[in-house]
Each structure stands twice: as C-alpha cells, then as structure tokens.
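Note sheet for the following structure.
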Amino acid sequence: PSMFMQLERPRYLAGMALFAAQAGEKEKAQKLMDEARAFAEERQMRYLYPLIEMSAGRILVHAGDQSQAVDAFGRAAEKADGMGMRPIGWQARAYAARSLDALGEGAAAADQREAAQAIVAAIAADFSDGDLAAAFRSHANAELGR
C-alpha cells in the first residue's frame, strides 16, 4: 500500500460503512466504522476524527438509533469546531437537527439548525465570488430544510 492509500484508509472505511448501512448490513457497517476509528486513533489522525464521528452518526441513523446518532453528531461538531473545520461543523449540526426532529425534540432541532446557519453564513462571507456564495447558501439551506 502506498502512503496515500494509508492516509485515505479511514475515509475509505467510513464510506464503505455508510454504504453497508444503506444496504441494511448493520453489523458490517459497525465493523467497518470501528476499523476506521481504530486506524485513525492508532495513527493519531486527528483531522479525521470529526468525519469519523459524523459517519458513525449517519450509520446510527440507518440503524434507527436517533438518540445515539445525536450524540455522535454532537461529538463530530465539537471536534470540528476545535479544529476550525466549519464544513463538517455545519453538516454535523444539520444531521443532528434531523435526528432531533425524528425524536420529537423540535426546540433542540431548531437550535442545531440555527447554529448550522450561523456557520454557513460565516463560510459564505469568506467567498470572494458572490454567485458562488449564493449557490453555497442555497445548497446549505436546502440541506438544513430537509
């Protein structure tokens, strides 16, 4: 395996876990997610921790465990915030809002959406091209409105 294959291994495993979860293979999805987490943690690949937590949350959603998914999305957002990874931060909050809606916790879901929208606005403000900023906001708002 090349160096680049090793660098991408946790991301690849997380993607395969999501695919397995979507196919209804819960145990395989969990095994792949555990492998992705272990690989990244053994090598202290901290920059992948937010992605791994967000992927774990998405797998929990497919498994029907919205409560645990909210926790995973919270960890993803916290880790992303700590590293200034705003794209994962707003996405994790968007997923958390959906899970909170599914749990009937509308007020908490609204708080998550509001926090995500603030991050989206901050990201859009960094765009130098107004058309690209508008396209980004439009896409993000569509995701938040799901």
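The requirement of being at pLDDT below 95 and among the aliphatic types (A, V, I, L, M) is not satisfied by MET16.
Out of all the residues in segment 108-131, is one or more under 30 Å from GLU27 (Cβ atoms), out of contact with any strand residue (DSSP E or B) (no Cβ under 6 Å at 6 or more places or on another chain) and among the acidic types (Asp, Glu)? No, every residue in segment 108-131 fails to be under 30 Å from GLU27 (Cβ atoms), out of contact with any strand residue (DSSP E or B) (no Cβ under 6 Å at 6 or more places or on another chain) and among the acidic types (Asp, Glu).
Got at least one residue in segment 126-140 being on the phi > 0 side of the Ramachandran plot and modelled with pLDDT of 95 or more? The answer is no, given that none of the residues of segment 126-140 is on the phi > 0 side of the Ramachandran plot and modelled with pLDDT of 95 or more. Can you confirm whether segment 128-142 contains a residue that is open to solvent by 40 Å² or more (accessible area, probe 1.4 Å), hydroxyl-bearing (Ser, Thr, Tyr) and not in a helix (DSSP H, G or I)? Within segment 128-142, one or more residues are open to solvent by 40 Å² or more (accessible area, probe 1.4 Å), hydroxyl-bearing (Ser, Thr, Tyr) and not in a helix (DSSP H, G or I).
The values are calculated or read from the model by the stated rules, or taken from the named source; none is laboratory data. In this text, all values refer to a predicted model and were calculated from it rather than measured experimentally. Cβ atoms come from the backbone with ideal geometry, glycine included; neighbour counts cover every protein chain shown. Quick note on the areas: whole protein, heavy atoms, side chains included, nothing else; ligands and nucleic acids left out. Shrake-Rupley method; radii C 1.70, N 1.55, O 1.52, S 1.80 Å.
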